[in-house]
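Enquirer: Okay, here's the structure, questions in a sec.
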Amino acid sequence: MVPAIRQRLSCGWRVSHAIALGLVFLAVTAHSAANSEERAECTKDLMFVFDASGSMATTDLTAKVPHIERVKNAFRHIIPEIPESRRMGLIVYGQGAYNRCDSIELKLKPTVNAGALLMAEIEKVAPAGRTPLTQAVHAAAEILDCRHNPAIVVLLTDGEETCGGKPCDMAQSLKSDAADLTIHVIGYRRREAGGLGAVFDARCLAEEMGGLYLPVETEDQIVEALRKTLTCPLTTDNRKGPPASLMKAEVSSPTP
């Protein structure tokens, strides 16, 4: 081979090799940065806002399993994956007399080793009342002292606000006041339910506060939604079996 040609090929290989190494480095760096960001999220106090309104006691049309039981089963599955260092609290709304809109109860302040305590309270939930979800989310934000501290709220609901609250207005107010508050919304609605194509009004809580809106309709999807919002990267290696499919947060409603 002519020396000049050999030299050009050699230089070309070196350049290509350098570019490939550079791309690998960038990919690793980006992955590391994303992982670090996820771990940083796990240092923030979290309040879980749990729907115990009457609709959670209803059953699906095709499977006679109450919504509340599906959610409890999902928690039973996910609790072992939550690291002890994860500081979590719990607010339950909707229990008590049917026509009351003040049935909002703080069950647990954000604390470490919260998994067993959280599960014990969820096991006691007996759905009965209305859906003051706006006031419940606001109460969670106040408990977290969101004006001064980074915090996360996770709302799980199977219905709309029924106590006159305006979740979108409240979200805008929180956005202007909070130091660093993220709100995730898990919207549980079966395809067979009325208004199957509708999007929960509470979605705007996630949109305004930089969170995820996760529409779910199966127990497996509830598990994955809880995993996305309650667990931390350190627990991903402990998952058993392949993850269940979950609709992307960007999807406005389950595909018919």
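Here, each number is a calculation from the coordinates, and none is a lab measurement. Computed from a predicted model, the values in this text were never measured in an experiment. Using ideal geometry, Cβ is built from the backbone for each residue, glycine included, and neighbour counts are taken over all protein chains shown.
Enquirer: What length, rounded to one decimal in nm, is gained on full extension from TYR98 through to ASN73, with 0.36 nm per residue of separation minus their alpha-carbon distance? Kindly include the intermediate steps, with their values, before the conclusion.
Expert: Values: separation 25, 0.36 × 25 = 9.00 nm, distance 2.48 nm.
Computed gain between TYR98 and ASN73 is 6.5 nm.
Enquirer: Within segment 78-95, name every residue whose backbone N is under 20 Å away from a label modeled 7 Å from Cα of LYS228 along the Cβ vector.
Expert: From segment 78-95, the list is 78-83.
Enquirer: Moving to a separate point now. Once the other residues with Cβ under 15 Å from the Cβ of CYS101 are scored (Lys, Arg +1; Asp, Glu -1), what is the net sum?
Expert: -2
Enquirer: So which of LYS109/LYS175; LYS64/LYS228; LYS44/LYS124; LYS72/LYS175; LYS109/LYS228 end up more than 25 Å apart by C-alpha? Each step should come with its number before you reach the end.
Expert: Numbers: LYS109/LYS175 22 Å; LYS64/LYS228 27 Å; LYS44/LYS124 27 Å; LYS72/LYS175 31 Å; LYS109/LYS228 21 Å.
With Cα atoms farther than 25 Å apart: LYS64/LYS228; LYS44/LYS124; LYS72/LYS175.
Enquirer: For segment 44-238, what's the relative contact order in percent, using C-alpha pairs closer than 8 Å and at least 6 residues apart? All intermediate terms of the calculation are to be shown ahead of the outcome.
Expert: Values: 419 pairs, mean separation 47.4, N = 195.
The normalised contact order for segment 44-238 reaches 24 percent.
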